[in-house]
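Enquirer: Input: one structure, supplied below.
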Amino acid sequence: MHAERNVAITGIGLSEVGRRTTASALSLTVDAALTAITDAGLTVDDIDGISTYPGAANTGGGFAPVGAQDLRLALGLNVNWYSAAALDSPSQFSAIVNAIGALSAGLARHVLVFRTVTEAQSRALDKQAQSWAGSSGEIHGFWEWTAPYGVESPVPWYATYAQRYMYEHKLTHEQLGAIAVNARTNAAGNPSAVYRDPLTLDDYLDSRVVSWPLRLYDCDVPVDGSVAFVLSRLDDARHMTNPPLRFEAVGTAMGAGGLRDPRDLTSFGAEKAAAMLWDRSRISRRDVRVAQIYDGMSILTVHWLEALGFCAKGEVGAFVEGGTNIGLNGELPMNTGGGQLSAGRLHGLGHLHEACVQLWGRGGTRQVGREPDVAAVSMGAYGLGCALLMRED
Amino acid sequence: MTSTIWTHGRRVPGITPDTADYWTGGATGRLRIQHCSACEQWQHPPSPVCRRCRTATHLASDAVSGHGRVASWTTNEQPWFPGQPVPFRVGYVELVEQPGLYVFGGLIGGTDIDDPTDKPVVTRFQQQGEAWLPVFEITDEE
């Protein structure tokens, strides 16, 4: 059974994305949702399912300001099936995977998938808003092992992996920097990207160190914004407005790696997700024409490129160096809208949106030349991951 | 034992029956790690059972030597809360008792060593409330 093959993306929507918008989280969400529904050629009344991640969570950090019930109420949706994938799931793409399951099981016909963040607004109100570990007292669970040492952010934790990778595989700072420079170069062609001014390798090397060896430009950008998709059953999708973008394969993983469970400190569960993806696919990585690879931190892109098999172990540095191979006209055009490093942190769903833009040929000046028909998209970090393979029907 | 060697955190571990031995071993000057004597397997973080044989019958927190090597490290330069002293080094230490037996902690000493990867460490402790945080001192001796 390959449930994903029966499902297609039929419409996409993106709200204003900004470093500090004045719109409410709900307004951003409504904007993205209505855009996606209209793009699919549907009306609000056609939507009978909602899937999101992680549901409304009033953590104060703008990580999850809008839940499915909020959107139902705002739009007057008439829905039977809905679901919010929890934080404890193989990435934000779990919202997509759950929608695929529901559509394939016949629980819904057109599912609206959305993800909204207001991390920039929240940070402007309170600089501590995004302290993942909270601010005081005893700490249990995930952060128990690092927060007592002052590590209350994922950055130093990612940095330990980056350091070991650079040590073992001789990845240079210039090579790692090529990922950030490529993102910025591509963002110039994306009107929705938050950072579009040119970034040189020297700018990258001169940027301040956050946690050695990771610099400011290795870190993605918290933003306000919402992204939405309509997922439909393939038999319906073939009679709708846009050419269906099919899910060729899905790969998920509950992997090792991370604060509590480091493995070799140079990789994480992405390999498991990638192995599942290729095992379920009828096409291979050589068929991929455009790649939207998770870049919540630049080092994660390194891990994913290896895991997905685009590079052999230890060879990512040579592959990305100089940016030619990953540029718009390169062997593997990557993060064509600027990724999270320059377009903003929409938690992987921005990458999926960009994959659809490219497959539908809507990229404008950033459109990949070779009329891409297959896109690989990945999301996830240490301990979890999900990869999607999208193709034209 | 009263000297302050780690000043970069503001949180204390929430000690539970599962984690108490790890966080309080420093009170007697020994780092304690779970060990299954049936499997001859060390494991960290602690679990109610051995992750290999899935029983608790032979599971105990045993003292380890406190010796290891720096598996990976970072020098953190950005403060994560107001007033946090920076920079500071943290990282994963692989304990000598078993390949892949990693613990995370603060790294001290070795300030003249630019890249402490694979350098040997010894365990020290920083008392913090009920807990004794293991902190790893980089040495230049094999």
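Every read-out reported here was derived from the displayed coordinates using simple, explicitly stated rules and does not represent laboratory data. Because the structure is predicted, anything quoted here is derived from the model rather than measured. Note: ideal-geometry Cβ built from the backbone for every residue, glycine included; neighbour counts use all protein chains shown.
Enquirer: Put one equal scatterer on each alpha carbon of the protein assembly as shown, apply the Debye formula with no solvent term, and list log10 I(q)/I(0) at q = 0.08, 0.09, 0.12 1/Å to two decimals.
Expert: -0.52, -0.66, -1.12
Enquirer: Now a separate question. Given a Förster distance of 30 angstrom, what is the FRET efficiency for B:SER37 paired with A:ARG263, based on the Cβ-Cβ distance and rounded to 0.05?
Expert: Efficiency, from the Cβ-Cβ distance: 0.75.
Enquirer: Hey, another quick one. Can you tell me the dipole magnitude for region A:18-132 around its Cα centre, using point charges on the Cβ only (Lys, Arg +1; Asp, Glu -1), in Debye to the nearest 20?
Expert: About 340 debye.
Enquirer: Mean Kyte-Doolittle of at least -1.0 plus a Cα span of 18 Å or more along the axis: flag which DSSP H helices in chain A meet both, please.
Expert: A:25-39, A:154-169, A:173-187
Enquirer: Something else about it: For peptide B:111-121, what's the mean number of Cβ atoms from other chains within 10 Å of each residue's Cβ?
Expert: The shielding value for this peptide is 1.
Enquirer: Can I ask one more? Got a sec? How would B:SER37, A:SER342, A:SER281 order by Cβ neighbour count within 10 Å, fewest to most?
Expert: By the 10 Å Cβ count, ascending, the order reads B:SER37, A:SER281, A:SER342.
Enquirer: Please check chain A for the longest run free of GluC sites (Glu not before Pro) that are loop-located per DSSP (anything but H, G, I, E, B) and have at most 15 other Cβ atoms within 10 Å.
Expert: So the longest stretch without any such site is A:1-314.
Enquirer: Okay, next question. For each of A:VAL7, A:VAL97, count neighbouring Cβ atoms within 10 Å of the residue's Cβ, then give the residues from fewest to most.
Expert: A:VAL97, A:VAL7
Enquirer: Taking neighbour counts of Cβ atoms within 10 Å as a proxy for exposure, in what order, fewest first, do A:VAL30, A:VAL290 appear?
Expert: A:VAL30, A:VAL290
Enquirer: Which residue, A:ILE139, A:SER192, A:HIS169, has the largest displacement toward the positive end of the dipole of region A:87-199 when charges sit on each Cβ (Lys, Arg +1; Asp, Glu -1)?
Expert: It is A:SER192, whose Cα lies furthest towards the positive end.
Enquirer: Right, something else. Before anything else, pin down the relative contact order of region B:1-78: Cα pairs under 8 Å, at least 6 apart, normalised by residue count, whole percent.
Expert: Result for region B:1-78 is 25 percent.
Enquirer: Over region B:80-142, one equal point on each Cα, no solvent: what is log10 I(q)/I(0) by the Debye formula at q = 0.11, 0.15 Å⁻¹?
Expert: At q = 0.11, 0.15 Å⁻¹ the computed log10 ratios are -0.28, -0.52.
Enquirer: Mind checking which of B:GLN43, B:ALA131, B:GLY83 is farthest towards the positive end of region B:20-138's charge dipole, using Cβ charges of +1 (Lys, Arg) and -1 (Asp, Glu) about the Cα centre?
Expert: Result: B:GLN43, furthest along the dipole toward the positive end.
Enquirer: Could you give the size of the charge dipole of region A:234-393 about its Cα centre, using +1 on the Cβ of each K and R and -1 on the Cβ of each D and E, expressed in debye and rounded to the nearest 20?
Expert: Using only the charged Cβ atoms, the result is roughly 120 debye.
Enquirer: Multiply the residue separation of A:ASP206 and A:ASN80 by 0.36 nm, subtract the distance between their alpha-carbon atoms, and state the gained length in nm to one decimal.
Expert: Net length gain for the segment: 40.1 nm.
Enquirer: For B:LYS119, list the aspartates and glutamates whose Cα falls under 13 Å from its own Cα; do not include residues on the same chain fewer than 8 positions away.
Expert: Within the straight-line limit of under 13 Å, B:LYS119 reaches these aspartates and glutamates: B:GLU94, B:GLU137, B:ASP140, B:GLU141, B:GLU142.
Enquirer: Using unit Cβ charges (K, R positive; D, E negative) and no other charged atoms, how large, in debye to the nearest 20, is the dipole of region A:271-316 about its Cα centre?
Expert: With only Lys, Arg, Asp and Glu charged at Cβ, the dipole is about 220 debye.
Enquirer: What length, rounded to one decimal in nm, is gained on full extension from B:ILE5 through to B:GLU77, with 0.36 nm per residue of separation minus their alpha-carbon distance?
Expert: Using 0.36 nm per residue and subtracting the Cα-Cα distance, I get 24.1 nm.
Enquirer: At 7 Å along the Cα-to-beta-carbon direction for both A:TRP278 and A:ASP235, put a label point, then send me their distance in nm to one decimal.
Expert: The two pseudo-label positions are separated by 3.4 nm.
Enquirer: Pull out the extension gain between A:LYS170 and A:ASP126, defined as 0.36 nm times the separation in residues minus the alpha carbon to alpha carbon distance; nm, one decimal.
Expert: Result for the pair: 11.9 nm of gain on full extension.
Enquirer: I've got another one for you. Over the Cα atoms of region B:1-115, how large are the radius of gyration and the largest Cα-Cα distance (Dmax), in Å?
Expert: For region B:1-115, the Cα-based Rg and Dmax read 15.9, 47 Å.
Enquirer: Counting C-alpha atoms alone, how compact is region A:31-132: give Rg to one decimal and Dmax as a whole number, in angstrom.
Expert: My reading of the Cα-based Rg and Dmax gives 14.4, 45 Å.
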